[in-house]
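Novice: The structure under discussion is supplied below as structure tokens; questions concerning it will follow.
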């Protein structure tokens, strides 16, 4: 599951990010409304944690613009402004939940699980590329009837590729999203993990993962040729 946190307080944002990553979510963070809105428009997120009091463009404006453009990603508003009027405004604009600061991370996590369950009931949690199937809710992978065992990083890399199967992902994008560091000190870390994935999902010679110099990596359905 990929979560976007839009929060201008560095300590609060880091606190939420660490907690969610420990629960195996992939987390992107934006520290102002304009950056958060741009990320939400460019990337497919399963949920957004949105502060209201943001520099530049406030959270209500971000939420309003997302909904106006048809973006129905579940949103939890997280803010120190806990008045009834603000709660009503946020919910009327299309927020799915509202949690005032200060808060316990356990409650935020529970509320996030709740809106993700509601969202998952409306859409499939499975992503397929040919007979390769990834279940984002169960965090399991199959090819046909065979379940494939992956490490946490292998799974994160495969999920990122499968969620973006119609585009090439370059080295910087993969390092930032999967390793949270666009400048990994291990120069060939992506190649190592791609090789591991290929050994596990391409065991019969059918090629799923492709790379083009200058463009990056992409996953697509094999044409049937071994």
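Novice: I need the full set of residues from region 142-168 which are out of contact with any helix residue (DSSP H, G or I) (no Cβ under 7 Å at 6 or more places or on another chain), closer than 15 Å to residue 127 by Cβ and in a loop (DSSP other than H, G, I, E, B), in order please.
Specialist: Of everything in region 142-168, those that are out of contact with any helix residue (DSSP H, G or I) (no Cβ under 7 Å at 6 or more places or on another chain), closer than 15 Å to residue 127 by Cβ and in a loop (DSSP other than H, G, I, E, B) turn out to be 164, 165, 166, 167.
Novice: Still on this structure: Does residue 156 qualify as being under 22 Å from the mean Cα position of the chain (by Cα), closer than 19 Å to residue 45 by Cβ and either outside the structural domain of residue 25 (by TED's automatic domain parsing) or without any contact (Cβ under 8 Å) to a residue 24 or more places away in the chain (or both)?
Specialist: yes
Novice: So which of 197, 112 ends up being surrounded by 11 or more Cβ atoms within 10 Å (Cβ to Cβ) and in the same structural domain as residue 12 (by TED's automatic domain parsing)?
Specialist: Testing whether each residue is surrounded by 11 or more Cβ atoms within 10 Å (Cβ to Cβ) and in the same structural domain as residue 12 (by TED's automatic domain parsing) leaves just 112.
Novice: Another question about this same structure. Taking region 116-134, which residues are assigned to a strand (DSSP E or B) and loosely packed, with under 15 Cβ neighbours inside 10 Å?
Specialist: 126, 128
Novice: Looking at (1) over 28 Å from residue 165 (Cβ atoms); (2) surrounded by fewer than 17 Cβ atoms within 10 Å (Cβ to Cβ); (3) in contact (Cβ under 8 Å) with a residue 60 or more places away in the chain, can you tell me which one residue 83 breaks?
Specialist: (3)
Novice: For region 91-107, give me each residue that is in contact with a helix residue (DSSP H, G or I) (Cβ under 7 Å, 6 or more places away or on another chain) and assigned to a helix (DSSP H, G or I).
Specialist: Residues satisfying the conditions are 93, 105.
Novice: Quick one: in region 22-45, which of the residues that are free of Cβ contacts under 8 Å to residues at least 24 places away in the same chain and closer than 19 Å to residue 159 by Cα is surrounded by the fewest Cβ atoms within 10 Å (Cβ to Cβ)?
Specialist: Among residues in region 22-45 that are free of Cβ contacts under 8 Å to residues at least 24 places away in the same chain and closer than 19 Å to residue 159 by Cα, the one surrounded by the fewest Cβ atoms within 10 Å (Cβ to Cβ) is 42.
Novice: Same structure, new question: Can you find, within region 1-19, the residue that is surrounded by the most Cβ atoms within 10 Å (Cβ to Cβ) among those that are within 11 Å of the chain's Cα centre (by Cα) and farther than 17 Å from residue 62 by Cβ?
Specialist: Only one residue tops the list, namely 1.
Novice: Using the structure shown, decide if residue 225 is modelled with pLDDT under 90, assigned to a loop (DSSP other than H, G, I, E, B), more than 30 Å from residue 95 (Cα to Cα) and out of contact with any helix residue (DSSP H, G or I) (no Cβ under 6 Å at 6 or more places or on another chain).
Specialist: yes
Novice: Got a sec? Which strands (runs of 3 or more DSSP E) wholly within region 1-89 have at least 1 residues that are modelled with pLDDT under 90?
Specialist: Answer list for region 1-89: 2-6, 26-30, 75-79.
Novice: Can you tell which of 150, 161 is touching a residue at least 24 places away in the same chain (Cβ under 8 Å), over 20 Å from residue 22 (Cα atoms), surrounded by 16 or more Cβ atoms within 10 Å (Cβ to Cβ) and under 20 Å from the mean Cα position of the chain (by Cα)?
Specialist: 161
Novice: Return the residue satisfying two criteria in turn: it lies in region 164-177 and is farther than 14 Å from residue 43 by Cα and without any contact (Cβ under 8 Å) to a residue 40 or more places away in the chain, and of such residues it is nearest to the chain's Cα centre (by Cα).
Specialist: Within region 164-177, the match that is nearest to the chain's Cα centre (by Cα) is 175.
The values are calculated or read from the model by the stated rules, or taken from the named source; none is laboratory data. Note that the structure is predicted; figures quoted are calculated from it, not measured. Reconstructed Cβ throughout: ideal geometry from the backbone, glycine too, with neighbour counts over all protein chains shown.
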